[in-house]
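Encoded as structure tokens, here's the structure I'll be asking about.
None of the figures in this text is laboratory data; all of them are computed from the coordinates on show. Since this is a predicted model, take the numbers as computed values, not measurements. Quick reminder, even Gly has a Cβ in these numbers, built from the backbone with ideal geometry, and neighbours come from all protein chains shown.
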């Protein structure tokens, strides 16, 4: 950037260049007007250190107490009464000294006012008495001298400045309720996603909706918002309910010509003062990993992932009675996921989420709703781990009750069958039959049907000698220029036994590294060597978007591999799709009618047909349900080839990764060699997140140039 024309820089960067010029001159008198505006924390710390040893005259204006404490030896205070009061010491000393001075001044003021009141009382009582008139005139001269010299001023405390975001009053339960709700997109009962659905959601609940891909989790959110209407039954909502929803499609609604901060300000300018919006929005955006520079960047210049974060920030900003989040961790890096966990774990209104992350649901949720294959909604108290334990215990107890009831029915039926036509037994047999009839009328205990185990499967292939991929002193930047390098001097090797998880913040180059491995990108320096027979298969979070939506999965697979496998019959392709949990109507329905999770299964089925030596997986868990993620983890562990994975899912990483590589500071650090596992890495991120939350206000101030009292 030092060689870049300033006309190509943002206003913030031009401000830094101007500040550098002023510092370079090092004059006898240096005047700095709000020098920390447009600087990030690192630059502020550097500037503090630089100016704290400045040995000429420095005069600054600043809104930062820390900055003035580090630098200043004197404070000049412009008072509301248009006076300039001089104090020795830094800002903290100034605050203490000013407070002490004001206490002493008020004592002097009160004493002087008492003295004046006493004198005036004497003058008033003197009247026209000759012997007192002379004394009264003398007393008046004392007051005149006081006034001529200047009376001690009364300390007028300034009106306290308060920023306030309105709290939403509690609404009486239930906030939202479903009464015998049924729904299908066709409107036909045979297609119902759920039937006789009853639920009630109250304030202070943080609920996760679980269910296999295609069971209607996102559809349930649409019914709550009113985007969809039930085919049967009623949905009631409190008349004053305020609702906000975030989904993967929310980013499409952002105005492309506005920056995140401009967008937030335009939405809420009528309700809140501009600076309040900027500070709160800046805090949330920073927590989600959006830098101060990016906060002022038009959203049209952002990737889809960053626009998703802005859309999520908007939903969090509103803080409504009911916040609906559909897969909120998709497109977030691990650091942002940790921040979001901390933010939502104290959310004191209603939160309803769909998520595939066990860690996330454990940290955030107080209740779980499970959409079962039998189109029922089961409600559980506690987080995800509690749900798993409770569900298992319930199923054990239900099977005991089921077996006991079936034994009782079998025993009764045996008696009835043995009664025959014996007169003395027929009456008893009829009585026994009534017992069975009553059981059936009340509803028999259902047998627990364990769902068919979902298995993903990647074909085994012959081994290649290591290393099959090696980086030798590799550097890369999109411009090709060393000053822009995402990483430099990379030396690494990947073989068929590798199980590598790549970690790091968004923008550090995790996905770029996968592009270098595939050859989509070439290194700016150094060499990347690959075995001549190497086959790679790559999954990205956008792979499903490239599927032909007008074709069915079966049609797509047959057409894609017709030339390569001309002898394969339709049954083979059905079996191949079935290996990845696509069966029945899901194989023959148009892809545009499948859920996102089912579309991703089509992609995995396609990848398996490539018979790769190495799988490259970029955020593979996005839109997959918990069962699919477990199946994917098992398939990866059984796969005899190498795996390199980029993921925000702590659980998947803990299940499959043998090595953790962190992309940071233009290097790749092997955390495993330092005995840092994913649990320890998350603990590091939690610590950093807590520090970031504390410093978020400063980031938002430096992003906006605003001052907050």
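At 222 nm, what value in deg cm²/dmol follows for the chain if DSSP H runs of at least 4 each add -39500 (n - 2.57) and the sum is divided by all its residues, to the nearest 500? Walk me through the numbers before you get to the answer.
Working: 22 runs with 305 residues, N = 709.
After summing the helix terms and dividing by the residues of the chain, the value is -14000 deg cm²/dmol.
Within the stretch 84-113, name every residue whose backbone N is under 12 Å away from a label modeled 7 Å from Cα of residue 149 along the Cβ vector.
112
Now, a different point. For 218, 239, 70, 138, what's the fewest-to-most ordering of other Cβ within 10 Å of each Cβ? Walk me through the numbers on the way to the answer.
Numbers: 218 20, 239 6, 70 17, 138 11.
Result, fewest neighbours first: 239, 138, 70, 218.
How long are the semi-axes of the equivalent ellipsoid of the stretch 331-398, taking √(5λ) for every eigenvalue λ of the Cα gyration tensor, in whole Å from largest down?
On the way: eigenvalues 125, 29, 28 Å².
After scaling each eigenvalue by five and taking roots: 25, 12, 12 Å.
A further question follows. With a 10 Å radius around each residue's Cβ, average the other Cβ atoms per peptide and rank 203-211, 547-555, highest first. Don't skip to the answer; put the middle values down first.
Details: 203-211: 20.3, 547-555: 17.2.
Taking the mean over residues of other Cβ atoms within 10 Å, the ranking is 203-211, 547-555.
Full-extension gain between residue 141 and residue 688, please, as 0.36 nm times their residue separation minus the C-alpha to C-alpha distance. Intermediate values should be presented prior to the final figure.
Numbers: separation 547, 0.36 × 547 = 196.92 nm, distance 6.85 nm.
That pair, residue 141 and residue 688, stretches by 190.1 nm at full extension.
Fully extended, how many nm does the chain gain between residue 418 and residue 571 (0.36 nm per residue separation, minus their Cα-Cα distance)?
On the way: separation 153, 0.36 × 153 = 55.08 nm, distance 4.98 nm.
Gain in length upon complete extension: 50.1 nm.
Sticking with the crude label model, points 7 Å out along Cα→Cβ, report the distance from residue 459 to residue 379 in nm, one decimal please.
Here the answer is 5.0 nm between the modelled labels.
Separate question: How many angstrom lie between the Cα centre of the stretch 370-398 and the Cα centre of the stretch 245-318?
37 Å
Follow-up question, since we're still on this one. Want the number for residue 99 to residue 262: 0.36 nm per residue separation, take away the alpha-carbon distance, what's left?
Details: separation 163, 0.36 × 163 = 58.68 nm, distance 3.94 nm.
Full extension from residue 99 to residue 262 adds 54.7 nm.
Could you tell me how many cubic angstrom of Cα convex hull volume the stretch 469-688 has per residue? Don't jump to the answer; show the numbers that get you there.
Values: hull volume 30.3 nm³, N = 220.
Output value, Cα hull per residue: 138 Å³.
If you don't mind, another one. Can you work out the FRET efficiency for the pair residue 450 and residue 675, with r the C-beta to C-beta distance and R0 = 30 Å, to the nearest 0.05?
Values: r = 39 Å, r/R0 = 1.30.
After rounding, the FRET efficiency stands at 0.15.
Determine the distance separating the Cα centre of the stretch 457-507 from the Cα centre of the stretch 658-674; give it in Å without decimals.
If you average the Cα positions of each part, the centres end up 12 Å apart.
At R0 = 30 Å, how high is the FRET efficiency between residue 200 and residue 398 if r is their beta carbon distance? Nearest 0.05 is fine. If you can, show how the numbers build up before the last one.
Working: r = 24 Å, r/R0 = 0.78.
Efficiency at R0 = 30 Å is approximately 0.80.
In nm, to one decimal, how far is the residue 478 label point from the residue 234 one, both placed 7 Å along Cα→Cβ?
About 5.4 nm separates the two model spin labels.
Could you tell me the convex hull volume per residue, in Å³, taken over the Cα atoms of the chain? Please report the intermediate quantities before stating the final value.
Numbers: hull volume 191.2 nm³, N = 709.
Taking the convex hull of the Cα positions in the chain, it is 270 Å³ per residue.
Additional query: Residue 589 to residue 559: FRET efficiency via 1/(1 + (r/R0)^6), r the Cβ-Cβ distance, R0 22 Å, to the nearest 0.05? Could the numbers behind the result be given before it?
Details: r = 16 Å, r/R0 = 0.74.
Result of the calculation: an efficiency of 0.85.
Need one number: nm distance between label points at residue 49 and residue 106, each 7 Å from Cα along Cα→Cβ, rounded to one decimal.
Those two pseudo-labels are separated by 4.2 nm.
What number do you get for the stretch 176-387 when its Cα radius of gyration is normalised by 2.2 N^0.38 Å, N = residues? Spell out each step's value before the answer.
Values: Rg = 17.8 Å, N = 212, 2.2 N^0.38 = 16.8 Å.
Compared with the compact-globule rule of thumb, the stretch 176-387 sits at 1.06.
Using Cα pairs closer than 8 Å and at least 6 residues apart in sequence, work out the relative contact order for the chain, in percent.
Working: 1097 pairs, mean separation 98.7, N = 709.
So the answer I get is 14 percent.
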